[in-house]
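Structure first, then comments.
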Amino acid sequence: MLFNKLNNWLKSSLRLLLTAFVCGLLFISSAYPAQAATSRATEGEASLNRVQAKTDEVASSNPRGINEVTKEAQKGLNAVQGGADADKMISPDEANATTVKEKAANLLDNLKN
């Protein structure tokens, strides 16, 4: 009888420790991606502040015509963002990747052969 009590106590203790370990592991793994970032949280703030200032300026002014919007859009990526972070973006011409369409065509070619 003493052996059964001791055995039950060990099982419940092991369950408790295992549960605490799994909970701790889940907590750490959910927090890890936030710490894995190599950039500082304030690095993107400067370009966002410019975009916000531009948005506030446009919102407080009269509606713009299509010519003005087109002219602003041609300065950069779009009318709101302008050329902000254009150097960080990769165009399809620069990417050495296979598109989904090319992969599907290769798969179909392989299935035919």
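Bear in mind that the values in this text are calculations on the coordinates, not laboratory data. Source: prediction; values computed, not measured.
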Proximal lysines relative to LYS54, as straight alpha-carbon distance under 25 Å, when same-chain residues fewer than 8 apart are discounted: LYS71, LYS75, LYS88
Give the lysines whose C-alpha is closer than 21 Å to that of LYS101, dropping any in the same chain fewer than 8 places away, or say none. LYS112
